[in-house]
Amino acid sequence: MRNVLLIIFSLLFSHAVAQRMDDVDVHSKYIQAVDEYRPAPGQYVNDIPEYEDGDTEQDMIRKCTERLANNERHLVALGAYGGYITFHFDHSIANIPGQRDFAIWGNAYQEELNLFPGGGTGEAGIVMVSKDINGNGKPDDPWYEISGSCDVDSVGKVDYGYEITYRKNPMGKIPWTDNRGQSGELDRWDRYHPQEYYPEWLPDGLTFRGTRLPQNGFDFTGSVPASYSQYFWVLFFFGWGYADNQPNMLSDRVTPNIDGCGIDISWAVDESRKPVQLDFVDFVRVYTGLNQKCGWLLETSTEILGAEDVHLDASLQAIRDAVTGINLTPTLSQRDAVVYDLQGRKVQNARRGLYVKNGKMYFIQ
């Protein structure tokens, strides 16, 4: 009996090796932990989160987790183009057909005069997803980019093979060069952001590669009332598919902006920009997708405030279905019934886990 059960379990579990669901009493729809934090230089870097003398990369990752996990909702800055963060939840997020699957919250907002609909402080971050195929709990499997609205409405303006390198210049403007023959500097604003702008714990010569989105920041100085004329920049929102790109709430300031901030896993594409089919994802990465300066706003930098699985129950049920190969909804009678564990031992009043009864596998929640 024991050998038969182990064979059944092996066959079923191999189908779901990448579906993760931690053994906790209550699952959270929010970020569980940050796995990577590698910001580009910027005016908020070394500040949110704060770098302290001697901090290592792992220390900074821990500080990001403290700011974002369990819906803490404290900002984390990714710096200028390419800076990124990677995080995960306590379960795999299922790709539910026709729905946004998770949302990423930032600090974008509509400009205060409402003179420019669809414009404000959109600092779009590009989103990537990965499935833990090797089951080691690390973000080291293939990554896929989420294709956003710019791929549809800004054809010819998106740079899909962009690369940039930043060099240290302590307490000075940060120089950069790219693979398009361009160079420039990240300016400083010492009055409000007097700290070092290059991430202190990272080496010189940071290089980032990815997709560069088209310019969305424009200077409307002189086009607004005089009291605003010295500093009125507008960063227009893209349609969909990015982080920190649209306000977290709709205009009523109550309803979450799922359409604007939500991500559909079905939008994932490979390096050739061809759609890929992912039933679940285990890791999410966000990187700043714009390389532009906007006057007194300085560099455009994506900020992250949190993220959540917008269909937690559906994700958990999809994981159960994948593990067992059948649709299970445990009931009280199942929990009270006599079942067998995966070692072939009779169990009564079974706790949460996988069990066999009458030749069928059951997941009891």
Exercise. Search region 105-140 for residues being charged (D, E, K, R) and under 16 Å from the mean Cα position of the chain (by Cα), and hand back the single one that is farthest from residue 88 (Cα to Cα).
Key: 123
Quiz item: Limited to region 262-293, what total is found for residues that are more than 13 Å from residue 42 (Cα to Cα) and assigned to a loop (DSSP other than H, G, I, E, B)?
Solution: 12
Quiz prompt | Selection from region 22-51 of residues that are surrounded by fewer than 12 Cβ atoms within 10 Å (Cβ to Cβ) and touching a helix residue (DSSP H, G or I) at 6+ places or on another chain (Cβ under 8 Å) | solution = 50
Quiz item: Is there any pair with a first residue in region 124-136 that is more than 25 Å from residue 289 (Cβ to Cβ) and a second that is surrounded by fewer than 24 Cβ atoms within 10 Å (Cβ to Cβ) whose Cβ atoms are under 7 Å apart and which are 6 or more apart or on different chains, and what are they?
Solution: 133/18; 133/141; 134/141; 135/17; 135/18
Self-check item: Unique residue being modelled with pLDDT under 70 and either outside any strand (DSSP E or B) or out of contact with any Ser or Thr (no Cβ under 9 Å at 6 or more places or on another chain) (or both) when the list is 319, 326
Solution: 326
Quiz prompt | Identity of the residue in region 68-94, open to solvent by 30 Å² or more (accessible area, probe 1.4 Å) and touching a Leu at 6+ places or on another chain (Cβ under 8 Å), that ends up modelled with the lowest pLDDT | solution = 73
Quiz item: Which of (1) surrounded by 24 or more Cβ atoms within 10 Å (Cβ to Cβ); (2) part of a loop (DSSP other than H, G, I, E, B) does residue 54 not meet, given it meets every other one?
Solution: (1)
Quiz item: Filtering region 137-171 down to residues that are of a type in the set (Ser, Thr, Tyr) and either without any contact (Cβ under 8 Å) to a residue 12 or more places away in the chain or open to solvent by 10 Å² or more (accessible area, probe 1.4 Å) (or both), which residue is farthest from residue 279 (Cα to Cα)?
Solution: 165
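A quick yes/no check of all residues on (1) in a loop (DSSP other than H, G, I, E, B); (2) touching a helix residue (DSSP H, G or I) at 6+ places or on another chain (Cβ under 8 Å):
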| residue | (1), (2) |
| --- | --- |
| 137 | yes, no |
| 141 | yes, no |
| 163 | no, no |
| 197 | yes, no |
| 201 | yes, yes |
| 207 | no, no |
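The values are calculated or read from the model by the stated rules, or taken from the named source; none is laboratory data. Just so it is clear, the structure is predicted and the values come from calculations on it, not from any experiment. Note: ideal-geometry Cβ built from the backbone for every residue, glycine included; neighbour counts use all protein chains shown. When the accessible area is computed, the model is the full protein with side chains, heavy atoms only, and any ligands, DNA or RNA have been set aside. Shrake-Rupley method; radii C 1.70, N 1.55, O 1.52, S 1.80 Å.
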